[in-house]
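Chemist: Would you mind keeping the following structure in view while I ask a few things?
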Amino acid sequence: MATNDVIYGINGPVVTIKDTRTFSMMEMVYVGESRLVGEIIGINDQFTTVQVYEETTGLKPGDPIYGTGAPMNVLLGPGIIDNIFDGIERPLKAIEEQSGSFISRGASVSPLDLNRYWNVKIKVKVGDRLEPGQIYATCPETAIIEHRFLVPPSLSGVVTSVEPNGKYRLKDTIVTIKDDKGAVHELTLCQEWPIRQARPNAQRLPATIPLITGQRVIDTMFPISKGGTAAIPGGFGTGKTMTQHQLAKWCDADIIVYVGCGERGNEMSQVLDEFSELIDPKSGRPMTDRTVLIANTSNMPVAAREASIYTGLTLAEYYRDMGYHVAIMADSTSRWAEALREISGRLEEMPAEEGFPAYLPSRLSEFYERAGRVTTLSGSEGSVTIIGAVSPQGSDFSEPVTQNTKRFTRCFWALDKSLAYARHYPAINWMDSYSEYFTDLDPWFKANLGDEFIRYRNKITAILHEESALMEIVKLIGSDVLPDEQKLVIETAKAVRVGFLQQNAFHADDTFVPLEKQKLMMKAILYLYTKAKHIIAAAIPISSITSLGLFEKLAKMKYDIPNSQPEKFDELLAEIDTALASLTN
Amino acid sequence: MILDYVGVKEINGSLIVLDDVEGASYEEMVDIRLDNGTFRHGRIVQIEGKRVVVQVFEGTKSISLDNTRTRLKCRPMELALSPEIMGRVFSGAGTPIDGFGDVYPVKRANVNGTPMNPVSRVYPRNYINTGISTIDTLMTLIRGQKLPIFSGSGMKHNELAVQIVRQAKISDSGDNKFGIVFAAMGVKNDVADYFRRSFDESGVLSRVVMFLNLANDPIIERTLTPRCALTAAEYLAFECNMHVLVIMTDMTSYAEALREFSSSKGEIPGRKGFPGYLYSDLASLYERAGMIKGSKGSVTQIPILTMPNDDITHPVPDLTGYITEGQIVLDRSLEGQGLYPPVSVLPSLSRLMKDGIGDGYTRSDHQALANQLFAAYARVQDARSLASVIGEEELSPVDKKYMEFGKLFEQYFVNQGYSENRTIEQSLDLGWKLLSTLPRTELDRVDDELLDQHYISDPEQLNFDDFKSAAGSDDED
């Protein structure tokens, strides 16, 4: 490939070209003899600016730059699931085979395995009219995910030839169609899509179905819908990554896209380890059968970190269009924002708050707005749920990334340092967090768990808020002076905190708790609360109630009552009755 | 063709600008010869056509616009490596300064390293027994981990680091040799000397590679010091199959050097004037810890940083905490009470601990015990803040128990002798003993089975005489 365009200047990951009119904005280019991947991010009459996705050490002025004529694309096709990619969809396992344990530059490997055969079933016949987004073939991608081949959104026409069912490779043509203008298009097992452009859908649907995570504090107190957005802000050590892992393992999405954006390498190897060992209870298959990993760790080039979020999102949208519910975990969006800042600084743009570029809010909103539950072009239902971790500088939630994220997400699961210090996990602070999905989701909860679920939740929330107000007093004068009724609120709130909100990710039963059990746990706590309230009203001191050990029972019911035996809650309630009866007699 | 470029176009801080340079490549090394015959070294940090910006490691003092000749060396910054580097002392830029001459290189490696492929990493699971109760029990150090010590000026972080080195049984692992790489960045001469002496006394000096950039050495060299050290560590670990412990002190000085360099380059500053890429830059150092498939060695990092004004939200500790796998935080008030090591338990953490402890590693009750100790000690803080308002007398009986527990915990568990090496069993048993001073019903993080096994209900057995040695001062009153 010949080119006249050569490097003029180099500053970190930013390379400039002088006096050229060859390139267009956001075009993907190859830089230098070792063909490092880059993207055009600025053009003026004198200079064209490229951000390079790899280390630029050793580049020289005069080295060639090759255009590709297309924006940054990802290759979409079977083989994405159960794979691990870097930020620009290069498969890390293939890179390992090519260059060993350390990533060398200019590694050129196809994102997906081109030589693997897939067992394809054709779904159309000659003469059929195909519309954009329609399914023309399927193949089993993993044991639980069926890959559905979709007509690209820009294409429609009449089928002119089909191959028989059988084994095909990624680039083999299986269907040809003729569009309205008479041009013939070949449909293979793969297609490309620019990462910065949202894939189209037919219609957005309201957020009326919850994403069930099995985490009590989320499902009950701050639920998220399928197609919703959530932010998990928290300083270091508060358990952002742990929470994301838990959600990735247990939430009821069909497919998980896990983006490790500028985070630790050992964490990614932990995910690889754990997810391949962990069996999904619903399908009986390893978690990796439904997971895509994108690993752009903090020591990998910063520009690719910026791209990794979009790469993950585009893969998620592709599977959404097949009719799957996809959840994408972005850990952490702050690193992405910092990558924006770093590139912006190199471009010498005018900074806004704390050195972040002025376009930070618009980039964040573009990102979160790509979530949603939709009717796909082919008429089925799919969703993309975005759960983004935020790492606020100095644990200060007033910093720009947290504040702007708050504006564009509807769930805010604030992680709290003092809870984490006391090893209360998940350290989601019930006073600072919120979910805007309550009204959208309440009909679903009513229909599936009964009216009482919402009543219990409101009551529990009220008790926690009351406790927080009482604690202000206790901090000043101690708890002894409180009247018994208020002491009871404090005792009950403690049972809620320890017994309900706190959840043990390493306990076989407690790591995932079905909604039904969540409801019964609330019921048990409130049952004791109401009964005890009556007894206190009869002037029996609270100390005689606490000495019965019932609150301790509540704190341990999450372990004592297995998920599979909800009927044991009746025994617990009976036990409470008997114990309390001994007081009134 | 080797060309000398005479003179410079511009001098700014530690940077010089050359014009009309042909064929310079990014991050290439240059030699600068002054008219008085002395040499300086530099690196190209920015290129714009034929205009080249060079960072001079030794500083630009006495460079004028036309008293230099600059020669491009056609290669990036590399470190000469061979197994012989063990026991040697290098400058912050990797030149030998112990008077034993140059290293005969088996290999030269770019000091920037290349990122480890995440799929090639082995998830670290083997714990390192440091013999220090707080660390072993509550923030277990795992081989291949990066676990920094967050300290402040004047606290005993150096002693702690030396004690870890001395007691860590990294030599346990069969025929795998162990090594220590020590990188000093902007530390005082005395501190560097303290480490050298301590390594000597514990008989490991021949296994230490030292990179010294002292407080009065040039700052540009300081930005290279950890990179040289980690390049040496990676070589020893992954090519010589050694278990390498890297101690880097002081990361705050390193970050400040980076800030100084960044501002002289005219870059847009981020928080507190540090460059916007501080996170990426620190990550490119810390992420070089770990283990890889196909190699028996490992790189474990213990970076030490002093928090300016003891402020954990300062950008350096803050960003470090986001990258490293936990942190050991030292506390000035514990230090003030004469407790050693002054480990502030609550904000300290080891992220890799959960998979490296328990059955087959330490003991099956380890995780539960650690959780309960954290929870109970967090409760102690509540009781203390309440007591500071209403007085200890007015506390409820349970809170009083917690006050007592807190005192014992600090006196016997946190506090231990500088040369006291406790086994993991000793530490865990001590933990149970301390918890047993609380009413059994308070221990809600542990299930009944474990309590039956470990809870000591007989108050007679709750004496801590075995651990008196550490609390020697008590004997005198």
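Chemist: Within the bounds of the stretch A:316-331, is there any residue that is of a type outside the set (Phe, Trp, Tyr) and within 14 Å of chain B (Cβ to nearest Cβ)?
Modeler: Taking every residue of the stretch A:316-331 in turn, at least one turns out to be of a type outside the set (Phe, Trp, Tyr) and within 14 Å of chain B (Cβ to nearest Cβ).
Chemist: Residues of the stretch A:251-272 being within 12 Å of the chain's Cα centre (by Cα) and either more than 11 Å from chain B (Cβ to nearest Cβ) or not in a strand (DSSP E or B) (or both), which ones?
Modeler: Once the filter is applied, which keeps residues that are within 12 Å of the chain's Cα centre (by Cα) and either more than 11 Å from chain B (Cβ to nearest Cβ) or not in a strand (DSSP E or B) (or both), the stretch A:251-272 yields A:CYS251, A:ALA253, A:ILE255, A:ILE256, A:VAL257, A:TYR258, A:VAL259, A:CYS261.
Chemist: Quick check on B:TYR402: is it assigned to a helix (DSSP H, G or I), surrounded by 21 or more Cβ atoms within 10 Å (Cβ to Cβ) and within 9 Å of chain A (Cβ to nearest Cβ)?
Modeler: Answer is no for this residue.
Chemist: I need the full set of residues from the stretch A:530-585 which are farther than 19 Å from A:GLN503 by Cα, charged (D, E, K, R) and buried (at least 18 other Cβ atoms within 10 Å of the Cβ), in order please.
Modeler: A:LYS531
Chemist: Which of the residues belonging to the stretch B:322-361 are charged (D, E, K, R) and either surrounded by 18 or more Cβ atoms within 10 Å (Cβ to Cβ) or at pLDDT below 90 (or both)?
Modeler: The answer is B:GLU325, B:ASP331, B:GLU335, B:ARG351, B:LYS354, B:ASP355, B:ASP359.
Chemist: Of the conditions (1) modelled with pLDDT of 90 or more; (2) more than 14 Å from chain A (Cβ to nearest Cβ), B:LYS146 fails just one. Which one is it?
Modeler: (2)
Chemist: Which residue, of B:ALA184, B:ALA161, B:ALA192, is of a type outside the set (Lys, Arg), closer than 21 Å to B:GLY92 by Cα and either in contact with an Asp or Glu (Cβ under 8 Å, 6 or more places away or on another chain) or not in a helix (DSSP H, G or I) (or both)?
Modeler: Unique residue meeting the criteria: B:ALA184.
Chemist: Could you tell me whether any residue of the stretch A:327-344 is surrounded by fewer than 24 Cβ atoms within 10 Å (Cβ to Cβ) and more than 23 Å from A:GLU263 (Cα to Cα)?
Modeler: no
Chemist: Within the stretch B:224-256, which residues are surrounded by 23 or more Cβ atoms within 10 Å (Cβ to Cβ), farther than 16 Å from B:GLU78 by Cβ and out of contact with any strand residue (DSSP E or B) (no Cβ under 6 Å at 6 or more places or on another chain)?
Modeler: B:ALA255
Chemist: Filtering the stretch A:365-374 down to residues that are outside any helix (DSSP H, G or I), surrounded by 15 or more Cβ atoms within 10 Å (Cβ to Cβ) and out of contact with any Asp or Glu (no Cβ under 8 Å at 6 or more places or on another chain), which residue is nearest to the other protein chains (Cβ to nearest Cβ)?
Modeler: Looking at residues that are outside any helix (DSSP H, G or I), surrounded by 15 or more Cβ atoms within 10 Å (Cβ to Cβ) and out of contact with any Asp or Glu (no Cβ under 8 Å at 6 or more places or on another chain), I get A:ALA371.
Chemist: Look through the stretch A:152-186, keep the residues that are farther than 19 Å from A:THR138 by Cβ and touching a Gly at 6+ places or on another chain (Cβ under 6 Å), and return whichever of them is modelled with the highest pLDDT.
Modeler: The extreme case among them is A:LYS178.
Chemist: Which condition from (1) away from every other protein chain (no Cβ under 14 Å); (2) in contact with a His (Cβ under 9 Å, 6 or more places away or on another chain); (3) part of a helix (DSSP H, G or I) is the one that A:ASN404 breaks?
Modeler: Of the numbered conditions (1) away from every other protein chain (no Cβ under 14 Å); (2) in contact with a His (Cβ under 9 Å, 6 or more places away or on another chain); (3) part of a helix (DSSP H, G or I), the odd one out for A:ASN404 is (2).
Chemist: In the stretch B:388-397, what residues are over 15 Å from B:LEU438 (Cβ atoms) and at the interface with chain A (Cβ under 9 Å from one of its Cβ atoms)?
Modeler: B:VAL389, B:ILE390, B:GLU394
Chemist: Sticking with this structure for a sec: Would you call B:VAL56 at the interface with chain A (Cβ under 9 Å from one of its Cβ atoms), in contact (Cβ under 8 Å) with a residue 60 or more places away in the chain, of a type outside the set (D, E, K, R) and in contact with a strand residue (DSSP E or B) (Cβ under 9 Å, 6 or more places away or on another chain)?
Modeler: no
Chemist: Please pick out the residue among B:LEU369, B:LEU434, B:LEU443 that is buried (at least 21 other Cβ atoms within 10 Å of the Cβ), of a type in the set (A, V, I, L, M) and more than 14 Å from chain A (Cβ to nearest Cβ).
Modeler: B:LEU434
Chemist: Could you list, in sequence order, the residues of the stretch A:51-96 that are without any contact (Cβ under 8 Å) to a residue 60 or more places away in the chain and more than 10 Å from chain B (Cβ to nearest Cβ)?
Modeler: Residues satisfying the conditions are A:THR68, A:GLY69, A:ARG90.
Chemist: Can you name the residue in the stretch B:282-305 that is surrounded by fewer than 24 Cβ atoms within 10 Å (Cβ to Cβ) and hydroxyl-bearing (Ser, Thr, Tyr) and is also nearest to the other protein chains (Cβ to nearest Cβ) among such residues?
Modeler: So, considering only residues that are surrounded by fewer than 24 Cβ atoms within 10 Å (Cβ to Cβ) and hydroxyl-bearing (Ser, Thr, Tyr), the one nearest to the other protein chains (Cβ to nearest Cβ) is B:SER284.
Chemist: Filter the stretch A:102-136 down to the residues that are without any contact (Cβ under 8 Å) to a residue 40 or more places away in the chain and touching a Lys or Arg at 6+ places or on another chain (Cβ under 7 Å), then identify the one that is farthest from A:GLY379 (Cα to Cα).
Modeler: A:ALA107
Chemist: (1) polar (S, T, N, Q); (2) surrounded by fewer than 18 Cβ atoms within 10 Å (Cβ to Cβ); (3) within 34 Å of the chain's Cα centre (by Cα); (4) not assigned by TED's automatic domain parsing to the domain that holds B:CYS228: which one isn't true of B:THR95, the others all being true?
Modeler: (4)
Chemist: Still on this structure, please answer the following. When you go through A:PHE356, A:PHE275 one by one, which is the residue that is more than 10 Å from chain B (Cβ to nearest Cβ) and in contact (Cβ under 8 Å) with a residue 12 or more places away in the chain?
Modeler: A:PHE275 is the lone residue from the list that is more than 10 Å from chain B (Cβ to nearest Cβ) and in contact (Cβ under 8 Å) with a residue 12 or more places away in the chain.
Chemist: Starting from residues that are buried (at least 18 other Cβ atoms within 10 Å of the Cβ) and closer than 29 Å to B:LEU346 by Cα, keep the ones in the stretch A:430-450 and report whichever is farthest from the other protein chains (Cβ to nearest Cβ).
Modeler: That would be A:SER433.
Chemist: A follow-up question, please. Going through the stretch A:480-504 one residue at a time, which ones are surrounded by fewer than 19 Cβ atoms within 10 Å (Cβ to Cβ), within 20 Å of B:LEU443 (Cβ to Cβ) and not charged (D, E, K, R)?
Modeler: Within the stretch A:480-504, A:ILE490, A:ASN504 qualify.
Chemist: Do we have any residue at all in the stretch B:271-279 that's in a helix (DSSP H, G or I), in the same structural domain as B:ILE180 (by TED's automatic domain parsing) and free of Cβ contacts under 8 Å to residues at least 12 places away in the same chain?
Modeler: no
Chemist: Let me ask you something else. Output the residues belonging to the stretch B:90-130 that are away from chain A (no Cβ under 14 Å), assigned to a loop (DSSP other than H, G, I, E, B), under 30 Å from A:MET268 (Cα atoms) and touching a residue at least 40 places away in the same chain (Cβ under 8 Å).
Modeler: Of everything in the stretch B:90-130, just one residue is away from chain A (no Cβ under 14 Å), assigned to a loop (DSSP other than H, G, I, E, B), under 30 Å from A:MET268 (Cα atoms) and touching a residue at least 40 places away in the same chain (Cβ under 8 Å), namely B:ASN129.
Chemist: Just one of A:SER362, A:SER334 is among the polar types (S, T, N, Q), at negative phi, free of Cβ contacts under 8 Å to residues at least 40 places away in the same chain and not in a loop (DSSP other than H, G, I, E, B); which is it?
Modeler: Unique residue meeting the criteria: A:SER362.
Chemist: Just the residues that are touching a residue at least 40 places away in the same chain (Cβ under 8 Å) and not acidic (Asp, Glu), please, taken from the stretch A:451-488.
Modeler: Within the stretch A:451-488, A:PHE453, A:TYR456, A:ARG457, A:LYS459, A:ILE460, A:THR461, A:ILE463, A:LYS487, A:LEU488 qualify.
The values are calculated or read from the model by the stated rules, or taken from the named source; none is laboratory data. Everything quoted here is computed from the prediction, not taken from an experiment. Ideal geometry is used to build each Cβ from the backbone, glycine not excepted, and the neighbour counts take in all protein chains shown.
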